[in-house]
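What follows is a set of notes on a single structure, which appears directly below.
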Protein chains: 2
Amino acid sequence: MAVSKSELFKLSATQAAELIRRDHISAQDYAQALLDRVRYRDPQVRAWVYLDEKVILDQAKWLDSLPVEKRGPLHGVAVGIKDIFLTKDMPTRYYSRLHAHDGNAAADSAAVAILRSAGAIIFGKTATTEFASMTEGGPCTNPNNPKHTPAGSSSGSAAAVADYQVPLSIGTQTGGSIVRPGSFNGCYGFKPTWGTVSTEGVGRFSISADTPGFYARTVEDVELLARLFRIDSLMTAPLKPLSIAGAQVAFMKTHVWPNAGPGTHAAWDLAHRLIENHGGKIEDVELPEAFSRCSEWRETVVIQEARAAFLSKYCEDKSKLHVDIVSLVENEDLPSPKEVLEAHDGIARLRTEWDQIARNYDIIIAPSAVDEAPEGLEDTGIAVFCSMWTILHVPAMNVPGFKGACGLPIGLTVVGSRYSDMEVLQGGKAIGAVFNTSQ
Amino acid sequence: MAVSKSELFKLSATQAAELIRRDHISAQDYAQALLDRVRYRDPQVRAWVYLDEKVILDQAKWLDSLPVEKRGPLHGVAVGIKDIFLTKDMPTRYYSRLHAHDGNAAADSAAVAILRSAGAIIFGKTATTEFASMTEGGPCTNPNNPKHTPAGSSSGSAAAVADYQVPLSIGTQTGGSIVRPGSFNGCYGFKPTWGTVSTEGVGRFSISADTPGFYARTVEDVELLARLFRIDSLMTAPLKPLSIAGAQVAFMKTHVWPNAGPGTHAAWDLAHRLIENHGGKIEDVELPEAFSRCSEWRETVVIQEARAAFLSKYCEDKSKLHVDIVSLVENEDLPSPKEVLEAHDGIARLRTEWDQIARNYDIIIAPSAVDEAPEGLEDTGIAVFCSMWTILHVPAMNVPGFKGACGLPIGLTVVGSRYSDMEVLQGGKAIGAVFNTSQ
C-alpha cells in the first residue's frame, strides 16, 4: 500500500499500525500528518482540550527508535483520550472549573496504561461536558456542520475520530455518551459489557452505569481495541462465520420509539429493506412490558450514585460546580432507599431475562438517537435511546450509514447479551457493510 | 475535659474534634502528640508506609489559623489513609514495585477530598498488601503482639487506629479487608453498603466488591464519618431508640462456621450469654441453603473482575507483579462467561432475599474471622468469614470485645440489609457496650 504523506491522516488504525510496524512509514511522519489535519480542522471542530505537539512528537520519536520486535499492536497509532481519564503526561480536567489547574497524574488510568503499553501515541485530551455528566455542551462542534452539536459527553472523542484527526479514541457511557456521539458524528462507537474495561483512574458519575468504550471509523479498528483489552477472552467458543443472508435479525424499537424523529424513522425503514434485500430473516421484536421500566430504574440508580460521586466535588468547592450537580448533592427529595433497591433488583432481573431473549438472534438492531444532530451547541441531546443498554450492562455499538434531513449522519445500534461483545462487533461489521451500500 | 498533652493521643476523634474546635487544644499540639506516639510505637508496628512530619504539621498549622466558623466537623482530626487512595500531597504506591517511584496525585481521591474538606489532617499512608489484593503480608505487625499478623489488606489502617496512633483511618474491603483487620487488631471496622462511598481515585481490584470503609475505636467516631459521607441520608425514617433488652437479636453462624476456631467459638458463646443476660431475645438463624454459594460466586466474580483490573499493570511490566497477579491475568482457565453470569445473577437474587430476612431482626450477629490473629507475618488470613457480606453489598462492622488463647483480640460482626448502615452502627454500639462488660 503506497500512501502519500498528505493522505496519511485517512488511514485506519489497522492500516497505520501495519505500515508503521513494517517501517513503511514512521510514527513521526504519521503523527505529523495528524497534527496537520488537526491544525487545518480543529479551529472549527474544537475536539481537543489539551494537545501538545511536543508531547506527541516525543512519543513518536521514541516509538520510532524501538526495534521491530518491541513494537506492540498499536505501535505509533494515535488515540484520543476523553478528558476524564488520568494521564501521566497531560493534565485531566473533566471540563470542570474545580480541576482547571490540575497538573499531570502520578500514573496513567488503567485504559491509558494499556494503550500506551501497546505502543499507542496518547495524542491529547478530548472535549467533554462537566464531569461527563451534563448535557450542556462543551466547546466541541459537529465536524459535519459546526452549527450542530457533536452530542456528549464523549463529544471530542467522537468528533476527532469522525473528522479523521485520529483513527481511534476512548470515551465513556453512563447513559448514551458513546453511542449517541457515534450516531451524531458518523462513526462506530462501541460500549462493551460493563466491567470488561477497568474504570480505575476515570472520573466517576455512576458506578453501576459508567462504562469505558471505543471510537473508530471501521469495525476492524474496534476489534483491534477489543482484543487489546482482552474482551475476546470472554467468548465461550470461537466466532462462527456470519452472513446477513440467512441470519436471524431482530429489529427492536423498544419503549423509546415514540421519541424517534423522521430521520431515525427513515433510517429504520431503509435498514429493514437493505437487510431484507440481503437475505436477512427479519423479526420485529417487541420486548416484554417490564423492559419499559429500565430507563426510569436507571435514572433512579444514577441519581443516587451520582450523589455519592459528586459529594467530594461539592465539599471541595460547590461554587465551581454546575448548578445541576449542586442540586444533585443538596436535593433532599432523592429516590428513597426502597426505590433504589427496587431499581437495582428490577434491573438485575431484567439482565437475566434480556440475555435469554438476545440469544435467540444473530443480530439485534435498535435505534441510536432521536434523529440526526440538532442545530445548536448548548444541548448535547438525550440519552434515553441508549441508557437501557448501559444499565443492562450489555455490549452496544453505533453503526453509521444513514443521513437525516440536514444531511448529517444517523446510525443504528447493534446490541447483544452480556459478554457477546465479539458477536456484536461481528454483527455490526456485517450490517455496516450492508448499510453503506445505500450511500 | 482536661487532658494532659502526653495523653492527647488517647482521645477519640469526637473528643479531639470538640476540643480543637473550641480552641481548648490546638491542632498542632494534637498532631504532635500523635507524632510522638508514632515515634514511640511505630518502629515495632510499622503501620505507616508514608508519613512526613512536615506535611502533617503544615496542615495542622493552617487549620489552627482558621477562624471557628470555618472549622469543619473533623477539624484537626488525624486520619490514616490506606495506600491505595490517591492523595495530592503524598505519593500512592499500592505496596507495588510498579508504583514504587510514583509521585503525588494531581487531585485527591474522592474520600480523601471529603475528609480534607471537613478539616481532617491527612496524616499519612498506611501499609497494605500488593494492590490490596494479596494475602502475603506487608511490613505491618499486630500492635497487640508484633509476632502476629495485623491481617490485611487494610493492615496499617487497622493497626494504627487500634494502637492509638490516629483515631480514624480509611480502608477498603473486597473480601474481608476491613472487618478481619478490625477483629485481629481490636477496633471497630465498618464496611458500608456498596456504592455509598465513592471509589474514585482508589486502586481497583473488583468493581462489584471493592468498598471503602472506616476504622475507629468507638462507634460514635464511626458515626461521625458516616454522617460526613452522608450515609445517614439513606435512612428512610429516623432511628428508633434501641436497647438490648427486648431486642430481636439473630445469631447467624452461616456456612463458614465449620472454619471457626476455638477463639471464635468461645467469643460466640460468650456473646450469646451476655446478650441473653441483658434481655436480648436471641434467635439462632440458619440461612437458606442458597446462601452457601455466596462465597464461591463472589470468588468467580472477583477473579474475572481482577483480571480486568490488573491487565494494565500486567501490560506495563509484569516482572514487577506478584506471581499470583500475573497468573490471574495470564490464566486461560478462567470462569466462563456463563459461570460469571450465573454468579452475578445468583448474587443479585440473594441480595433481595437477604434484605427480606435481615429486616426481621433488630441486630444480626455473625463471626468476623477464624480466630484471633495467628502467629507469623507472611499470611494475613482468609476472607471467607466476611466475603459474603461484601458481595451482598450490605453494611457490616467488626465489634471488638473478646480475646483468644494468646490474649489477642477477637471481634464479632454486626450486619444488616442494604442501606441499613445507621441501624447497623446503632446495633454495633449496643452490643459493643455489652461485650465490653465482659472485660
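Readers should treat all values here as calculations from the given coordinates under stated rules, not as data from a laboratory. Everything quoted here is computed from the prediction, not taken from an experiment. Ideal geometry is used to build each Cβ from the backbone, glycine not excepted, and the neighbour counts take in all protein chains shown.
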Any idea which residue in segment B:184-200 is surrounded by the fewest Cβ atoms within 10 Å (Cβ to Cβ), counting only those that are in contact with a Phe, Trp or Tyr (Cβ under 8 Å, 6 or more places away or on another chain) and within 8 Å of chain A (Cβ to nearest Cβ)? B:T196
May I ask you to list the residues in segment B:180-196 that are over 22 Å from B:A110 (Cα atoms) and either among the aromatic types (F, W, Y) or assigned to a helix (DSSP H, G or I) (or both)? B:R180, B:P181, B:G182, B:S183, B:F184, B:N185, B:Y188
Filter result for A:P409 (surrounded by 24 or more Cβ atoms within 10 Å (Cβ to Cβ), within 14 Å of another protein chain (Cβ to nearest Cβ) and in contact (Cβ under 8 Å) with a residue 12 or more places away in the chain): no
Evaluation of A:H148 against (1) within 14 Å of chain B (Cβ to nearest Cβ); (2) surrounded by fewer than 24 Cβ atoms within 10 Å (Cβ to Cβ); (3) touching a residue at least 12 places away in the same chain (Cβ under 8 Å) (one fails), failing number: (1)
Expected output for segment A:185-196 (first residue under 17 Å from B:A306 (Cα atoms), partner among the basic types (K, R) and part of a loop (DSSP other than H, G, I, E, B), Cβ below 6 Å, 6+ apart or cross-chain) is A:T193/A:R418
Is there a residue in segment B:375-393 that is touching a Leu at 6+ places or on another chain (Cβ under 9 Å) and more than 30 Å from A:W354 (Cα to Cα)? no
Of the numbered conditions (1) among the basic types (K, R); (2) assigned to a loop (DSSP other than H, G, I, E, B); (3) within 12 Å of the chain's Cα centre (by Cα), A:K253 fails exactly one; give the number of that condition. (3)
Let me spell it out: the conditions are (1) in contact (Cβ under 8 Å) with a residue 24 or more places away in the chain; (2) within 23 Å of B:L34 (Cα to Cα); (3) not hydrophobic (A, V, I, L, M, F, W, C), and B:G203 meets all of them except one. Which number is the exception? (2)
Taking the conditions exactly as written (in contact with a helix residue (DSSP H, G or I) (Cβ under 7 Å, 6 or more places away or on another chain), in contact (Cβ under 8 Å) with a residue 40 or more places away in the chain, within 12 Å of another protein chain (Cβ to nearest Cβ) and not aromatic (F, W, Y)), does B:V414 satisfy them or not? no
Restricting to segment B:56-76, name every residue that is in contact (Cβ under 8 Å) with a residue 60 or more places away in the chain and in a helix (DSSP H, G or I). B:I56, B:Q59, B:A60
What do you reckon, is B:I363 surrounded by fewer than 24 Cβ atoms within 10 Å (Cβ to Cβ) and among the β-branched types (V, I, T)? no
List the residue pairs whose Cβ atoms are under 8 Å apart, where the first residue sits in segment B:316-337 and is within 24 Å of A:R71 (Cα to Cα), the second is of a type in the set (V, I, T) and assigned to a helix (DSSP H, G or I), and the two are 6 or more positions apart or on different chains. B:K318/B:V326; B:K318/B:V329
For A:A309, only one of the following conditions fails: (1) under 30 Å from A:G427 (Cβ atoms); (2) surrounded by 20 or more Cβ atoms within 10 Å (Cβ to Cβ). What is its number? (1)
Could you say which residue among B:A113, B:A127 is surrounded by 24 or more Cβ atoms within 10 Å (Cβ to Cβ), away from chain A (no Cβ under 13 Å) and in contact with a Cys (Cβ under 7 Å, 6 or more places away or on another chain)? B:A127
Test result for A:S153, of a type in the set (S, T, Y), part of a helix (DSSP H, G or I) and buried (at least 23 other Cβ atoms within 10 Å of the Cβ): no
Selection within segment B:228-257 - of a type outside the set (A, V, I, L, M, F, W, C) and surrounded by 15 or more Cβ atoms within 10 Å (Cβ to Cβ): B:R230, B:D232, B:S233, B:K253, B:T254, B:H255
So, of the residues in segment B:314-365 that are among the basic types (K, R) and out of contact with any helix residue (DSSP H, G or I) (no Cβ under 6 Å at 6 or more places or on another chain), which turns out to be farthest from the other protein chains (Cβ to nearest Cβ)? B:R359
Which numbered condition in (1) in a loop (DSSP other than H, G, I, E, B); (2) more than 14 Å from every other protein chain (Cβ to nearest Cβ); (3) buried (at least 24 other Cβ atoms within 10 Å of the Cβ) is the only one that A:G80 fails? (1)
Scanning segment A:1-33 residue by residue, the ones that are within 21 Å of A:E220 (Cβ to Cβ), of a type in the set (D, E, K, R) and assigned to a loop (DSSP other than H, G, I, E, B) total 1
Among residues belonging to segment A:34-55 that are assigned to a loop (DSSP other than H, G, I, E, B) and of a type outside the set (K, R), point out the one that is surrounded by the fewest Cβ atoms within 10 Å (Cβ to Cβ). A:D52
For segment A:204-244, the count of residues that are in contact with a strand residue (DSSP E or B) (Cβ under 8 Å, 6 or more places away or on another chain) and at the interface with chain B (Cβ under 8 Å from one of its Cβ atoms) equals 0
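This table checks each residue for (1) assigned to a helix (DSSP H, G or I); (2) over 20 Å from B:V414 (Cα atoms).
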position	(1), (2)
B:A290	yes, yes
B:S295	yes, no
B:T300	yes, yes
B:R307	yes, yes
B:F310	yes, yes
B:C315	yes, yes
B:V326	yes, yes
B:E332	no, yes
Quick check: is even one residue across segment B:213-234 among the aromatic types (F, W, Y), assigned to a loop (DSSP other than H, G, I, E, B) and touching a residue at least 24 places away in the same chain (Cβ under 8 Å)? yes
